[in-house]
Structure formats: C-alpha cells, structure tokens
Amino acid sequence: MSFNIALSGLDATNKELNTISHNIANASTYGFKGARTEFAAVYNGMQPGGVEVAAISQNFDKNGSVSGTGRSMDLAINGSGFFVTKDTMGQTLYTRAGVFGTDKDNYVVGNTGAKLQGYSVDGNNNLLTGSTGDIKISTSSLNAKATDKLEFVANFDASADVVDQTANPFSPNDPSSFNSSYTSKVYDSLGNSHTVTQYFTKTADNTWEVNVQVDGSATPVTTQAMTFDADGTLSSPTGTFNVSFPAAGANPVSVDLSLAGSTQFGAAFGVSTNNPNGYTSGELAGVRVEGNGMVYATYTNGQSQLQGQVILANFANPQGLSKVSGTAWTQSYSSGAPVMGVPGSGTLGDLTPGALEGSNVDLTSELVSLMTAQRNYQANAKTISTNDKLTQALFNAV
C-alpha cells in the first residue's frame, strides 16, 4: 500500500511540476493567466490511499500589468472580460491577448489569425448594435464633403469706434472701413478649398454689419446686420444666414453661417469657435481604437470614419472555460453562456488602446513553488526507496 501512496505522490507532484513549468514558460505571454495545481487526499474506505490532483485552476482574479506599446491596434482590458474572436474553422475563441492587426483582406485579426468580433456598421457607417460579426476596415478613399454649415462664435469689442460708412464705405482693401475680420476655410463638392472672410464693422452702438467675402472677391457676396442687447448678448440674427457662391467645375457652395453665442463686451475681438464642416478627399492612413471599443479608420485629410465597435464577453464561471492553444479559451457547459457587451458596460472592463496586458505569473513565486515541488518529489521518491529497503530486509530474513 505504501508503494501506491508514494506513487500517487510522485504522479501528483509531476503534474504540479508541469503546471509550474507551463507558468514559467508563459511568463512573457500576453494575456496569459497563471495556474496552480490543487491536491486532494484519497482514502480507500478508512485506509489512506495517497493524493490526487483535484483541479488545475487559473487565476482570473489577478490581471497582468498593462504596458504601452505605441501600436494603435494593441488593446488591453482593464477589468473583467475577454475579447471575442473566431478562428478559420468558425470556432469562437475568448482571449485576453490584445495583439491585433489587419490581414490581407483588412479584417482585424489576432496574432493567431482569429478574427476579432464586434458590432458592424451599415453603408452610411452607422453602428448596428446587436449585429455581431467580423470587424473589417474599409480601404476605400474618403470622398470629399462640401461645406454646408459654419459655426462661428466671437466676442466683439464693445469699446470699438463706430465706422462712418458714408466717409468710409466698406472695402476689404481699406482697413479703416471695418473693425475686425476673420477667415475660414470651406470646401466645395470636389474637395477644393475656398476662403470665406468675414469683415465686421461697427455701425452704431450695439449694432454691427458683417460683410462676407469669398476667395478675395472685390465685393462681398453677403451682408448681414448684427445687434446686441445691453447686456452684451446677441439679439439678432437669431438663426443662420446663407453664404452662397459658384465653384468652378463643382456644385455651387451654400453655407449656413451661425453666429449664435457671440457676445459684445469691453474686451478685444477674439474668436472662440470657428467650426466649418466639410473636407477634401482623403486616403486611408491608419486605424484608431477608443476606450469604449469604437474602431475608426483615419484618413490623410484628418477625418475619421466609424468601422465598428469591439465587444467583450464574460462568464459566470471562468474557471469552467476550456483551455486551447493561442492563449485562448472556449465555452463549456461548466462556464455557462457568455454575457456580451461593449467595453465599460456592466461588469466588463474598458479598453486601453496602444497597450497590452502581460502575463499575471509571478516568477519569484513560481521559482519558490518549483523548489517546493522538487522537495516533495524527492520525499516521495525517498518513501519508495525506504519501502524497497524494508522489503529487501524482510526477504533476507526469510
């Protein structure tokens, strides 16, 4: 019986050595979760029967350290959850390793080739929440968008002198005919840029005139009156006024210009908002992922376009997940069904773009455990050696 007890000890300790060796070998593996061997005593009725390995559990409670990489598509999970991926066989894999890039077809894939799953977008790049699938980056160029809105907010100097328009009729070439000016860049339907310059002239107390000039034209294309209340807030115009002009080879440009929020106080003229929409065409320059999982394609014209949103999954019993190669897990009966959602929702952690989660293995602790396991193995081997000597002595006495 003592031989069998010692053999069970050797077998169990050998499995512990395998676990420790596996931990040490993956000390630098991104997203790896260290494991431990858990033993249980064995009894045959009332007689001791040795030891067995009850379970090999992984530590999902401790996250590895997050280190920046500078790569925009590297992702680390801060908190609970797993990335959802699909391999080439269509099997759903769950992983904490956030090493992602794009393949030849511009799908977002991990370093094992499994495709990252998330919410997709429709033809107008609107997010389709609930429609889960492969995240793909569009490689087509971004078409130009004509400017049709311009938000402009400024403070006009209440102490500025009134301009006598009879003596100094407005002229963009005569600085004495206006008090201040500001230029904005707008785009036509072909993506060509145009300059829209606003000239502000104080015509009376609390009253201003806006002359809008386009591309250095000699005469303004639009003239708009502005009035302020005695407390410095804008009284009119209450809405937008339109600036329209032709563009060679393109559709006529029509811009609704808003001055809402502008003020008139005793301070120097200053612009706080100059926000025209529209842009020229652009080529794909890269990919950006935000903390909420939103994936954007970035273009050479400075614009971004939504491509999808990364989702995370969590389980009631992560210990029940089945381990597979590639630092990943698959769902099992013991783990329960996955609960999926966007990063930062519910119990799911948020994302840190441009960073990776390292292994949570503590090498110092593993080396100490290795020495302990070695001694346990030697002790069990010594038990067998002692039993062998006792048996031999018995044979010699017979």
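The values are calculated or read from the model by the stated rules, or taken from the named source; none is laboratory data. Source: prediction; values computed, not measured. So basically every Cβ, Gly included, is an ideal-geometry build from the backbone, and we count neighbours across all protein chains shown. Side chains included, ligands, DNA and RNA excluded: accessible areas come from the protein's heavy atoms. Shrake-Rupley method; radii C 1.70, N 1.55, O 1.52, S 1.80 Å.
Some points to look at:
- Note on the stretch 53-140: Cα Rg divided by 2.2 N^0.38 Å, N the number of residues, gives 1.27.
- Here the label points at Val324 and Asn206, each 7 Å from Cα along the C-beta direction, are separated by 7.3 nm in the simple model.
- For the chain, the relative contact order comes to 24 percent (Cα pairs under 8 Å, sequence separation of at least 6).
- Surface per residue (accessible, 1.4 Å probe) for the chain, Å²: 50 Å²
- Neighbourhood net charge (14 Å Cβ-Cβ; Lys/Arg +1, Asp/Glu -1) for Val186: -2
- Descending semi-axes in Å of the stretch 274-398, equivalent ellipsoid built from Cα gyration tensor: 60, 18, 12
- Percentage of interatomic Cα-Cα distances in the stretch 130-202 larger than 14 Å: 73 percent
- The stretch 71-213: radius of gyration and largest Cα-Cα distance (Dmax), Å: 27.3, 82
- Only helices enter the 222 nm calculation for the chain: every DSSP H run of n ≥ 4 contributes -39,500 (n - 2.57), and dividing by all residues gives -5500 deg cm²/dmol, rounded to 500.
- Cα Rg over Rh - the stretch 38-94, Kirkwood: 1.27
- Backbone N under 15 Å from the Asn14 label point (7 Å along Cα→Cβ), restricted to the stretch 372-398: 374, 377-382, 384
- Computed label-point distance, nm, for sites Ala267 and Leu367 using a 7 Å Cα→Cβ extension: 6.1 nm
- Taking Thr383, Thr352, Thr29 in turn, the Gaussian network model of the chain (Cα-Cα springs below 10 Å) assigns the largest fluctuation to Thr383.
- If a spin label sat at a point 7 angstrom from the Cα of Ala225 along the line to its beta carbon, the backbone N atoms of the stretch 147-182 nearer than 17 Å would be those of 163-166, 170.
- Relative to the dominant Cα principal axis of the chain, helix 2-25 is inclined by about 20°.
- The stretch 301-366: C-alpha pair distances exceeding 14 Å, %: 73 percent
- Legend: calculated FRET efficiency, Ala218 to Ser254, from the Cβ-Cβ distance at R0 = 25 Å, rounded to 0.05, equals 0.70.
- Cross-link pairs beyond the 30 Å C-alpha cut-off, checked among Lys136/Lys323; Lys104/Lys149; Lys86/Lys145; Lys33/Lys115: Lys104/Lys149; Lys86/Lys145
- Over the stretch 1-149, equivalent-ellipsoid semi-axes from the Cα gyration tensor in Å: 49, 16, 13
- Of all DSSP bridge pairs formed entirely within the chain, close to 95 percent run antiparallel.
- Cβ-based net charge around Phe228, under 15 Å, with every Lys or Arg adding one and every Asp or Glu removing one: -4
- All other residues whose Cβ lies under 9 angstrom from that of Val253 are scored, Lys and Arg at +1 and Asp and Glu at -1, for a net of -2.
- On the beta carbon distance between Glu290 and Ser65, with R0 = 25 Å, the FRET formula returns roughly 0.70.
- Label-point separation in nm, Thr240 to Ala379, each point 7 Å along Cα→Cβ: 8.0 nm
- For the chain, built as a Gaussian network whose Cα springs stay under 10 Å, the top-fluctuating residue of Ala41, Ala247, Ala167: Ala167
- Were the residues from Asn143 through Lys104 laid out at 0.36 nm apart, the gain over their Cα-Cα distance would be 11.7 nm.
- Sites Asn192 and Ile24, calculated FRET efficiency, Cβ-Cβ separation with R0 45 Å, nearest 0.05: 0.15
- The base-10 log of I(q)/I(0) for the chain, evaluated at q = 0.07, 0.12, 0.13 Å⁻¹, reads -0.58, -0.98, -1.04 [Debye formula, identical scatterers on Cα atoms, solvent excluded].
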